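Working notes, structure below.
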Amino acid sequence: MSDGAALLEVAGVHVAFGGVQALGGVSFQVGPGEAVGLVGPNGAGKTTLFNVVTGQLRPDAGTVRFEGRPLGGVPSHRRARLGIARTFQRVEVFPELSPLEHVVVARRASRCEGSLWADLLGRGRLSPEEHRAALDLLQAVGLSSLAEVPVAALTLGQQRLVELARALALEPRLLLADEPSSGLDPAERASVARLLRQLVEARGTALLLVEHDLALVRQVVDRVLALDSGALVAEGPFDQVVADPRVRQAYLGRAAG
Ligand SMILES: Nc1ncnc2c1ncn2[C@@H]1O[C@H](COP(=O)(O)OP(=O)(O)OP(=O)(O)O)[C@@H](O)[C@H]1O
């Protein structure tokens, strides 16, 4: 991809935690509407890279650009407004709020509407338009029948879908999904895979997907990046990357260790 076409551009990113080098000069690009998988064994640096892109972690060196704009110093909430949304490896939801409330709060926050605290305390009034838009989103992820149930009563799979709906409520240009199928049963995995692919195809949202289930990665992405010990060791179509000796070694070496 040429530089001019990049939606996300990561260049020379280094992160160390004390003596541990988590990322050692990582560079790559994601184009608009492109679905890219980020694979690698445990500890390869995938979540660290997500945290750098979302602004939750400041890199020791390197730059992140979004739509050509350098993001250094731009806090997470402003990156979300610029169009970068994420879901988390460990589901992060508010147990007492319903899926509908999660979506409405996210949508208002992204548009700077209402007061977050009033929303969380249940005092934000819901307009018919907001209600309809939130229900449409929940329908898209298959949760419309559970729209008003407290999230604490939902299964882990359903909670992951709430997270996904909340991220989509930001109408992101780029979604970072961190192990969205973790803890789900095969049917739920299949529906997450369908949803993610649909998101890319129907909404034109770019996707950066971290996922240990390689069959799911293959189903969803256009291209794969493989990380090992904080370095990109391969990049290209799924079949090519998983056949790459450096990638096989990264997984086997870690499994053997
Ligand atoms: N907050 C932290 N403090 C210290 N070390 C950390 C921290 N976060 C990550 N690391 C270390 O940085 C390296 C990369 O971790 P990271 O979580 O990014 O890997 P990962 O590829 O996401 O792994 P997994 O697939 O297990 O989630 C690992 O060696 C990890 O132990």
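The values are calculated or read from the model by the stated rules, or taken from the named source; none is laboratory data. On a predicted model such as this, the values are computed, not experimentally measured, just so you know. Note: ideal-geometry Cβ built from the backbone for every residue, glycine included; neighbour counts use all protein chains shown. The protein model used for the area step is the full one, side chains on, heavy atoms only, and it has no ligands, DNA or RNA in it. Shrake-Rupley method; radii C 1.70, N 1.55, O 1.52, S 1.80 Å.
Observations, loosely collected:
- Per residue, the accessible area of the chain comes to 47 Å² when a 1.4 Å probe rolls over the protein heavy atoms.
- Under 5 Å, built H, 5+ apart or other chain: amide partners of Gly62: His14
- Gln198 versus Arg125: modelled label distance in nm, points set 7 Å from Cα along the beta carbon direction: 3.4
- Taking the Kirkwood radius as Rh and the Cα radius of gyration as Rg, the chain has a ratio of Rg/Rh equal to 0.97.
- Remark: segment 80-96, residue by residue, has Karplus-estimated 3J(HN,Hα) of 4, 5, 6, x, 10, 10, 9, 10, 10, 4, 9, 3, 10, 10, 9, x, 8 Hz, where x stands for each Gly or Pro and the curve is 6.51 cos²θ - 1.76 cosθ + 1.60 at θ = phi - 60°.
- What the pair-distance distribution of segment 125-257 shows, using all Cα-Cα distances binned every 5 Å from zero, is 2, 9, 18, 20, 17, 13, 9, 6, 4, 2, 1, 0 percent.
- Rounded to 5, percent antiparallel among DSSP beta bridges of the chain: 55
- A simple rule links phi to the HN-Hα coupling: the Karplus curve 6.51 cos²θ - 1.76 cosθ + 1.60 with θ = phi - 60°, which for segment 101-106 gives 5, 4, 5, 5, 4, 5 Hz, with x for Gly and Pro.
- Considering only His102, His212, His131, the mean-square fluctuation computed in a Gaussian network model of the chain, springs between alpha carbons under 10 angstrom, is largest for His131.
- Amide H contacts under 5 Å for Ala231, placed H, 5+ residues apart: Gly24
- Modelled FRET efficiency - R0 41 Å, Ser144 with Leu82, Cβ distances, 0.05 increments: 0.90
- MRE, 222 nm, helices only [DSSP H, n ≥ 4, -39500 (n - 2.57), over the chain, to nearest 500]: -11500 deg cm²/dmol
- Phi to ³J(HN,Hα) by Karplus 6.51 cos²θ - 1.76 cosθ + 1.60 over segment 175-192, Hz, x for Gly, Pro: 10, 9, 10, 9, 6, x, 9, 4, x, 9, 7, x, 5, 5, 4, 4, 6, 5
- The antiparallel fraction among DSSP beta bridges confined to segment 135-251 stands at about 50%.
- Extending 7 Å from the Cα toward the beta-carbon at both Glu67 and Phe94 defines two label points whose distance is 2.7 nm.
- Ala16-Ala243 FRET efficiency (beta carbon distance; Förster radius 41 Å; 0.05 resolution): 0.85
- Long-range amide H partners of Asp222 with built H, under 5 Å: Ala35, Val36, Gly37
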